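Data first, discussion second: the structure below is written as structure tokens.
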Amino acid sequence: MGSWLFLFLVGLFLAPSVSGVGSRNVTYDGRSLIIDGQHKILFSGSIHYPRSTPQMWPSLIAKAKAGGLDVIETLVFWNLHEPQPEQFDFSGQRDIVRFIKEIQAQGLYACIRIGPFIQGEWSYGGLPFWLHDIPGIVYRSDNEPFKYQMKKFVSKIVNMMKAEKLYASQGGPIILSQIENEYGMVEAAFRDKGPPYLRWAAEMAVGLQTGVPWVMCKQNNAPDPVINACNGRRCGETFPGPNSPNKPAIWTENWTSFYQVYGDEPDIRSAEDIAFHVALFIAKKGSYVNYYMYHGGTNFGRTAAAYVLTSYYDQAPLDEYGLFRQPKWGHLKELHAAIKLCLNPMLSGVYTTMALGKSQEAFVYRGNSVDCAAFLVNNDTRKTVVVTFQDSLYELPPKSISILPDCKTVAFNTAKVSTQYNTRAVETSKKLDSIVKWEEYKETIPTFEDTSLRANMLLEHMNTTKDNSDYLWYTFRFQNDFSDAEYVLNVTSSSHVLHAFVNGSFVGSTHGSFKTKTPILESKITLNKGTNYISLLSGMVGLPDSGAYLERRVAGINTVRVKGEHEIKDFTRYSWGYQVGLLGEKLQVYTDSGSNKVKWNTYGSSTHQRLTWYRTLFDAPAGKDPVTLNLESMGKGEVWINGQSIGRYWVSFLTPKGIPSQTRYNVPRSFLKRTDNLLVILEEENGYPLGISIDTISISKVCGHVSESHLPPVISWQGQNKTEHNNSKKQHGRRPKVQLQCPPGRNISRILFASYGNPTGDCENYAIGSCHSFTSLPTIEEACMGKRICTIPVWRKKFGNDPCPGIPKTLLVDAQCT
């Protein structure tokens with residue numbers, strides 16, 4: 001952990017100290033959580049243990065701590081831990097105890113959201129599918145079979161935490177737990193079975209006596225003593241508040257971007273917008289904010305919910321690979337530091353509000369004669385305004401909040417980003433373009449005779465596969481009395497994907513989308529005279545994860561008709577044969593042992609077929625940078641490396657802009673050996689494996705864009721100095737600064753652009769303006785070249801002179817890290 005020393009030192013004053021010695025008393029009142037008698041304002045971040053790897057956990061938690069977080073939050077994944085009744089798995093990425101202990105080792109608190117319905121864009125909302133087969137069960141309602149199973153699992157998790165002494169009441173890090181998840185969204189659908197279940201869930205959880213509070217999110221009627229909490233992007237504006245004056249305001253999900261589904265563009269939320277709404281929530285007496293997600297990670301295997309990408313919340317402060325997403329990470333770190341300068345008056349002072357204009361207001365906390373903190377809010381989205389507060393003038397950019405830890409000096413403004421921007425670069429390590437190194441195995445297209453599961457009806461997909469595979473074959477045979485007749489095959493379905501084969505030949509496919517649930521396939525087909533075999537492959541891209549009556553959801557093929565010149569044959573009620581999954585899945589051809597159970601042929605040695613398995617070997621890239629698989633040349637399927645699935649891919653599903661939603665797939669280094677890594681791909685469509693490459697991801701560029709009107713770094717704010725905000729003579733160390741920092745192991749090797757004056761554009765597109773100091777480049781090169789970290793004040797004396805008196809100055813620097 002030596003490379004993280006800098007992060008630990010920077011984050012030291014921001015984070016709590018959580019040791020494993022002695023019990024803690026965690027309670028709450030109308031102001032906040034109270035830990036050992038001290039009120040707390042806490043910042044939390046969601047990092048889900050199975051969406052990363054145990055090898056990644058220490059660095060992810062360290063970076064969260066350095067970013068000013070106090071708490072790490074995680075969901076608990078029932079279907080991951082109990083895939084079959086009474087068969088539990090807490091190994092590897094499922095080792096929640098190890099994850100919580102790592103949080104504790106790094107001195108942070110923990111929040112576990114047990115659910116056990118969690119939604120979370122996780123397949124089936126985290127519920128194990130075997131629940132579906134319990135007679136009479138109705139999920140999440142006043143239903144005895146469900147309540148029995150739910151209580152049994154929640155009790156197991158709680159007892160595991162107790163056995164390891166992980167609750168704060170035992171000296172552990174867990175200070176908060178959640179039961180259920182956004183039940184208020186569906187409660188009314190259950191009518192008279194909803195409210196009793198809600199009360200039961202709260203009583204059951206509290207009765208487990210964890211010694212720490214419980215919360216329910218999006219549940220404004222959460223029963224006492226459970227705290228009702230807010231989820232969303234704008235809880236400072238939308239949250240009606242605690243349902244009791246004795247409960248604190250808690251924000252359990254502040255969405256740092258949004259999950260993405262195949263076919264959709266990424267939803268990018270700016271650092272400025274997140275900071276504004278956090279500051280507003282805190283200004284209005286909010287006391288706990290959790291970023292969902294702080295690190296999203298990867299939906300490995302088949303864990304993603306319906307149509308959800310394998311990459312999860314890549315736009316979070318820590319991206320899918322665990323790299324800093326700047327300026328989001330740094331701007332929020334500055335926000336946390338500024339708010340923590342205000343803790344004394346905020347937690348013990350008198351709270352007042354006042355209007356500063358039509359769309360402007362102040363939230364003020366006054367303690368004794370010295371302690372005072374203020375949040376000055378401009379809700380106008382278009383105009384910069386000047387407001388008067390305590391006989392002084394303050395300029396507020398559009399839709400921004402200024403934080404004054406002493407009610408005089410502005411320490412932070414949510415719209416002014418002084419943190420560096422960074423650029424993620426891709427370097428190709430190995431192109432897998434050698435024909436001789438690829439082999440292929442064509443999946444068998446089953447016919448009616450190949451099946452053992454039969455029914456005189458169309459079976460529902462999910463109840464037949466039991467979530468053991470994404471795929472279900474529907475097969476039938478029938479007699480045709482006409483020679484080489486042309487027909488139209490018409491299939492309606494609620495599958496996500498449908499592939500059709502007639503007499504072993506592919507005839508067409510279709511798919512739905514997150515918004516279009518019922519794809520229809522119509523394909524012209526030619527039938528033989530005599531017996532014909534039709535094989536239909538129904539595919540799911542994750543199970544549904546939300547809504548009432550989840551156990552009643554259906555998928556699969558609904559109707560099948562063959563339309564000809566002479567007749568229309570309806571095969572909906574007919575003799576059907578079924579095969580769950582693919583033969584390659586059953587034989588586990590993606591593993592070393594299973595791969596040897598089938599005959600692989602040289603790539604391209606025969607006519608291409610949809611549903612083909614490909615395999616090759618590759619060596620791990622040198623170094624420590626994250627590894628990614630570039631699948632831009634592929635269509636749709638799933639990928640395994642050394643027997644471990646890195647997730648589904650669907651490159652052929654394009655966004656409205658005509659590009660794939662995701663082309664690069666995370667390969668954790670812990671999945672790799674140094675040499676001879678087995679890569680196996682199931683391709684459903686017409687992918688071209690020779691276009692695949694093994695790449696590495698790194699931060700290649702850092703850029704700072706700071707003006708004289710920006711604020712100095714919060715860490716330089718000295719409360720005891722309390723200089724007037726309009727004092728023209730800035731104190732030493734209290735100047736706006738461009739701060740650049742390359743990743744560990746990399747230094748600044750080149751200054752790509754430097755201008756002190758009025759450069760145009762931003763860090764993505766810039767140019768020298770009408771005002772420019774010709775000493776800009778040599779000054780920056782002297783300060784930064786060969787260094788990992790450098791700081792340059794936005795100050796004319798640093799550049800030798802004022803290139804254009806009377807014009808406000810900005811410093812823009814773009815640097816390459818090598």
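The values are calculated or read from the model by the stated rules, or taken from the named source; none is laboratory data. Just so you know, these numbers come straight off a predicted model, no measurement behind them. Virtual Cβ from ideal backbone geometry, glycine too; neighbours counted across all protein chains shown. Surface areas here come from the heavy atoms of the whole protein model, side chains and all, with no ligands, DNA or RNA. Shrake-Rupley method; radii C 1.70, N 1.55, O 1.52, S 1.80 Å.
So the values come out like this:
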read-out	value
Positions within segment 652-676 being open to solvent by 70 Å² or more (accessible area, probe 1.4 Å) and of a type in the set (A, V, I, L, M, F, W, C), in sequence order	Leu654, Ile659
Unmet criterion (only one of (1) at pLDDT below 95; (2) out of contact with any Pro (no Cβ under 6 Å at 6 or more places or on another chain); (3) assigned to a loop (DSSP other than H, G, I, E, B)) for Leu69	(1)
Hits in segment 463-508 (condition: at negative phi and free of Cβ contacts under 8 Å to residues at least 40 places away in the same chain)	Ala500, Val502, Ser505, Val507
Of all residues making up segment 465-478, the number that are closer than 22 Å to Trp130 by Cβ and open to solvent by 30 Å² or more (accessible area, probe 1.4 Å)	3
Filter result (part of a loop (DSSP other than H, G, I, E, B), open to solvent by 50 Å² or more (accessible area, probe 1.4 Å) and either within 16 Å of Lys408 (Cα to Cα) or hydroxyl-bearing (Ser, Thr, Tyr) (or both)) within segment 338-378	Leu341, Asn368, Ser369, Val370
Residues satisfying the stated conditions in segment 591-610, i.e. under 23 Å from Val667 (Cα atoms) and out of contact with any Gly (no Cβ under 6 Å at 6 or more places or on another chain)	Asp592, Ser593, Gly594, Ser595
Any hit, segment 238-261, residues being open to solvent by 10 Å² or more (accessible area, probe 1.4 Å), touching a Pro at 6+ places or on another chain (Cβ under 7 Å) and within 30 Å of Ser652 (Cα to Cα)	yes
Strands (runs of 3 or more DSSP E) contained entirely in segment 563-634, each with at least 3 residues that are surrounded by 13 or more Cβ atoms within 10 Å (Cβ to Cβ)	576-580, 612-618, 627-630
Counted residues, segment 773-797 - those being over 26 Å from Arg746 (Cα atoms) and either surrounded by 13 or more Cβ atoms within 10 Å (Cβ to Cβ) or at pLDDT 95 or above (or both)	4
Tabulated pairs, segment 312-326, first closer than 18 Å to Thr663 by Cα, second among the β-branched types (Val, Ile, Thr) and assigned to a loop (DSSP other than H, G, I, E, B), C-beta under 6 angstrom, 6+ apart or interchain	Gln315/Ile268
Among the residues listed as Gly211, Gly194, the single one being of a type in the set (Gly, Ala, Ser), surrounded by fewer than 24 Cβ atoms within 10 Å (Cβ to Cβ), outside any helix (DSSP H, G or I) and modelled with pLDDT of 95 or more	Gly211
Options Tyr167, Tyr139, Tyr183: the member that is farther than 24 Å from Pro213 by Cα, open to solvent by less than 10 Å² (accessible area, probe 1.4 Å) and aromatic (Phe, Trp, Tyr)	Tyr139
Residue among Val706, Val702, Val714 that alone is in contact with a strand residue (DSSP E or B) (Cβ under 6 Å, 6 or more places away or on another chain), more than 30 Å from Trp613 (Cα to Cα), modelled with pLDDT under 95 and among the hydrophobic types (A, V, I, L, M, F, W, C)	Val714
Test: residue in segment 152-168 that is assigned to a helix (DSSP H, G or I) and touching a Lys or Arg at 6+ places or on another chain (Cβ under 7 Å)	yes
Members of segment 717-738 that are surrounded by fewer than 18 Cβ atoms within 10 Å (Cβ to Cβ) and either among the β-branched types (Val, Ile, Thr) or modelled with pLDDT of 50 or more (or both)	Gln718, Thr723, Gly733
Strands (runs of 3 or more DSSP E) wholly inside segment 436-507 containing at least 1 residues that are aliphatic (A, V, I, L, M)	453-455, 471-480, 486-493, 497-502
Scope segment 367-392; condition over 25 Å from Ala337 (Cβ atoms) and either of a type in the set (A, V, I, L, M, F, W, C) or in contact (Cβ under 8 Å) with a residue 40 or more places away in the chain (or both); matching residues	Val385, Val386
Pairs, first at pLDDT 95 or above in segment 290-301, second among the acidic types (Asp, Glu) and outside any loop (DSSP other than H, G, I, E, B), C-beta under 6 Å, six or more apart	Asn290/Glu73; Tyr292/Glu253
Out of Leu309, Leu280, sole residue that is surrounded by fewer than 22 Cβ atoms within 10 Å (Cβ to Cβ) and hydrophobic (A, V, I, L, M, F, W, C)	Leu280
So Ser546, is it part of a strand (DSSP E or B), polar (S, T, N, Q) and closer than 30 Å to Phe146 by Cβ	no
Gly757 vs. criteria modelled with pLDDT of 95 or more, of a type outside the set (Lys, Arg), open to solvent by less than 70 Å² (accessible area, probe 1.4 Å) and on the phi > 0 side of the Ramachandran plot	yes
Residues of segment 754-798 satisfying the condition of being under 35 Å from the mean Cα position of the chain (by Cα) and in a strand (DSSP E or B)	Ala754, Thr760, Gly761, Tyr766, Ala767, Ile789, Cys790, Thr791, Ile792
Count of segment 508-520 residues which are open to solvent by less than 40 Å² (accessible area, probe 1.4 Å), in contact with a strand residue (DSSP E or B) (Cβ under 7 Å, 6 or more places away or on another chain) and assigned to a loop (DSSP other than H, G, I, E, B)	1
Residue in segment 430-447 that is closer than 30 Å to Arg735 by Cα and small (Gly, Ala, Ser) present	no
Subset of segment 126-146 [closer than 18 Å to Gln84 by Cβ and in a helix (DSSP H, G or I)]	Gly126, Phe129, Trp130, Leu131, His132, Asp133, Pro145, Phe146
Cβ pairs under 6 Å, 6+ apart, first in segment 522-543 and touching a residue at least 24 places away in the same chain (Cβ under 8 Å), second surrounded by 14 or more Cβ atoms within 10 Å (Cβ to Cβ) and among the basic types (Lys, Arg)	Thr531/Arg477; Tyr533/Arg477
Matching residues, segment 140-179, being in contact with a Pro (Cβ under 8 Å, 6 or more places away or on another chain) and over 21 Å from Met216 (Cβ atoms)	Pro145, Leu166
